[in-house]
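Each value in this text was obtained by applying a stated rule to the coordinates, not by laboratory testing. Bear in mind that the values here come from a model prediction, so they are computed numbers and not experimental data. When we count neighbours, we look across all protein chains shown, and the Cβ atoms used for this are built from the backbone with ideal geometry, even at glycine.
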């Protein structure tokens, strides 16, 4: 039996292109998680840059993986004593990717790149990365990451063969429909979104039991001026128990930032 460790997931409202504000919020939440003893925190897809929707707009918010913002996060992770995974739109040569920075507490860093894109990604200018993403370790435990739709049956089957024990799944899933609390149909819209969120959690619980692995999801939350995001982030144990959960909502006034921390034991 390995030593138990504390993991965290975090969610916050990411402004489109407001990188400095997004980074400040992320670091504040990371500090809160570190104070609770967490050694690793997962944040959603594209949370550093926000997720624009206009045609070709990804280029206007993209960051260089070797730039000052990434260095700032890497330095902060080392200072806080917690590894941080945070999504951003990455500019790499003449291509744009949805990527996730992993800033490890030992001062090293790596980038995981999304290997699939949908119509929404293509519209703003994102392309799929071709290279495979390597596993890495969280306090000596093998971990693998799938960004949003990269979490396919093939990904999970391959992770099981490699004896991956921590699955990290950052996402940027928007609400099917969001509403203000005052709207006449707000309750119905929220009920439908919450049911979708519950189904997602149930699928993750089944997947965790199948893999006998911890399953962490961080999904975007808040209204960015263009879309509403429900949140719905969690840490599920290898037995399928939801150890920590930030439930989703479609009500804009109830979309809140937060972190969830859980102590996990992995065989």
Using a Förster distance of 41 Å, the FRET efficiency for residue 132-residue 254 (Cβ separation, nearest 0.05): 0.55
Proxy reagent accessibility, fewest Cβ within 10 Å first, across 216, 148: 148, 216
Distance between region 105-122 and region 193-216 - C-alpha centres, whole angstrom: 22 Å
Top of 16, 41, 235 by mean-square fluctuation, Gaussian network on the chain, Cα under 10 Å: 16
Cβ-Cβ FRET estimate between residue 55 and residue 110, R0 fixed at 22 Å, reported to 0.05: 0.10
Listed residues 236, 117, 217, most fluctuating in the chain (Gaussian network, C-alpha, under 10 Å): 117
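Mean separation of Cα pairs under 8 Å and 6+ residues apart, divided by the residue count of region 1-152: what relative contact order is that in percent?
20 percent
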Point-to-point label distance, residue 24-residue 227, nm (Cα→Cβ direction, 7 Å offset): 2.6 nm
Likely footprinting exposure, 112, 189, fewest C-beta neighbours within 10 Å first: 189, 112
Relative contact order (percent, whole number), the chain, Cα cutoff 8 Å, 6+ residue spacing: 23 percent
Region 5-264: Rg to Rh, with Rh as the Kirkwood radius over Cα pairs: 0.94
Helix-only CD estimate at 222 nm, as mean residue ellipticity for the chain, using -39500 (n - 2.57) per DSSP H run (n ≥ 4): -8500 deg cm²/dmol
Relative contact order computed over region 65-173 (Cα-Cα under 8 Å; 6+ residues apart), in percent: 19 percent
Simple spin-label estimate for residue 162 and residue 191 in nanometres, 7 Å along Cα-Cβ: 4.3 nm
Euclidean distance between Cα centres, region 49-100 to region 231-246, Å: 26 Å
